[in-house]
Amino acid sequence: MNPMTLCFADDTLERRYRRRQIETSHKLSRITIPLSCLVFASYALIEISMDEHYEAFLMLRASILVSVLGLFLLSRLPRFKHHVNGILCLASLAAALGTLAMFHVGHDHAAGHHEDEHGVFPVYFVTLMLVVFWTYTLLGLQFVYAMACGLLIWMGCTASCAVMHHGSEVLVEANEAFFMMAVNLLAGMSAYSRERQSRQLFLHECHITGERDDLRDHAMCDSLTGLLNRRALLTRLDQILDIQTPGTVQAALFIDLDGFKPVNDRHGHAIGDEVLRITGERLGNTLRGNDIVGRLGGDEFLVLISREGNGRKGPEQLAERLIDAISRPITLEVDDEPLIIAVSASIGISLFPFSGATPETVIARADSAMYEAKQRGRGVVVTGNPLRLVL
């Protein structure tokens, strides 16, 4: 995080924070801007009672209110949601420019009537300082934008004071510059501290969210293949059973590798793990995007699919393609020598939903069909008796 601008070095993280900051800005500004405009407008009543030549002040005050409220409403439009900081900066500068104009009008009016402008018109200088405070703390601006506005207002005020006093009252100019600098410093420190704390909290939340996602992925994924584990498969299957789509049939394909145990015994667990990992990749590459595949444990995998129709043809055709994908020779390299591994698979299919179906009973039926396929030989597909299939 940049210590000056408070921006994150990671662009993705910065964009995420700005999206959240825009939401916060909307919530804050929808309260503070209308309330500030109401307070600003109410001072007109005092202004009328203080000066009989109040028309110019009322026009300037009305112009400021229209500009600020117009920009506020513009910032609420969805098409400008990514430009909220820029629009609110314009609102701040419009308020400051209008207040400086009131300051000049008051000074000129007092000079023309030989009045003591130092006793009457400092109220507009105080208003300008309140605008700076409002910019930093109540407008909902990101700190770097608020700081830019504050510095521009300070420079504008300094230049205006120099023009009004023509260098004849250096002490007055120094006082005004000092107080404007002080309000920038104090309000800026407050805004800086608040945003820095907000960003640190956001960063902490991101770390917690990342750790939680990692734990969830670890709890729901098989560490070897990266596929869903048994727990995640049961959860997904339970969700599928709650959703019955007319005209479709769901199926669970229980896959058990043929010839895997000899590979593990002869070549060791490292080779066996690589075979399982490659098998998982081949299963994923053969399935559709909305199909679900996971590893139940050992050399057993489970595939959950949904197909149009009401028969077993679609699931059985997919099972044949999965067997073809698994049966392709696997070429590995051991001690700089090629090693070719050949395994196949037996697949049992359970069609569902059926009366009283649960994740456990669906998998049990697919498991039973798989054992029947094993008894018939290698690379066989068997669909279990659907009994009372509900479609």
Suppose the chain between E337 and A364 were pulled fully straight at 0.36 nm per residue; how much longer would it get relative to their current alpha carbon spacing?
5.6 nm
Which FRET efficiency value, to the nearest 0.05, do you get for L45 and N175 by plugging their Cβ-Cβ distance into 1/(1 + (r/R0)^6) with R0 = 25 Å?
0.30
Find the relative contact order for region 23-100 and round it to a whole percent, using C-alpha pairs within less than 8 Å whose residues are 6+ positions apart.
30 percent
Over every pair of different alpha-carbon atoms in region 292-391, take the mean of 1/r and invert it; report that Kirkwood radius in Å.
14.9 Å
Principal axis extents for the chain, Cα atoms only, whole Å, descending order, please.
113, 54, 24
Tilt of helix 143-165 relative to the longest C-alpha principal axis of the chain, in degrees (0 to 90, nearest 10)?
10 degrees
In Å, descending, principal axis extents of the Cα set of region 1-77
58, 28, 16
In nm, give the distance between the simple-model label positions of T158 and R328, each being 7 Å from the Cα along the Cα-to-Cβ direction.
7.2 nm
How much accessible area per residue does the chain have, counting only protein heavy atoms and a probe of 1.4 Å, in square angstrom?
53 Å²
Within region 332-391, trypsin sites (Lys or Arg not before Pro) in DSSP loop having at most 13 other beta-carbon neighbours inside 10 Å:
R388
The chain - charge dipole about Cα centre, Lys and Arg +1 at Cβ, Asp and Glu -1, debye rounded to 20
1660 debye
Using +1 at the Cβ of each Lys and Arg and -1 at the Cβ of each Asp and Glu in the chain, identify which of T279, G379, L233 lies farthest towards the dipole's positive end.
G379
The simple spin-label model distance between L74 and L241, using points 7 Å out along Cα→Cβ, in nm, is 5.9 nm
Pair I208, M1: separation of 7 Å Cα→Cβ label points (nm):
1.5 nm
Of every hundred units of 1.4 Å-probe accessible area on the chain, the number belonging to carbon and sulfur atoms, as a percent, is 59 percent
Please compute the length gained on full extension between F354 and T24, using 0.36 nm multiplied by the number of residues separating them and subtracting their Cα-Cα distance.
113.8 nm
Once R196 and L38 are pulled to full extension, the length gained, defined as 0.36 nm per residue separation minus their Cα-Cα distance, is 53.8 nm
If I build a Gaussian network model for the chain, linking alpha-carbon pairs within less than 10 angstrom, which residue out of A357, A319, A94 has the largest mean-square fluctuation?
A357
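The values are calculated or read from the model by the stated rules, or taken from the named source; none is laboratory data. Since the model is a prediction, treat every value here as computed from it, not as a measurement. Heads up, the Cβs are rebuilt from the backbone with ideal geometry, glycines too, and the neighbour counts pull from every protein chain shown. For the accessible areas, the whole protein counts, side chains as well, though only heavy atoms, and no ligand, DNA or RNA atoms are used. Shrake-Rupley method; radii C 1.70, N 1.55, O 1.52, S 1.80 Å.
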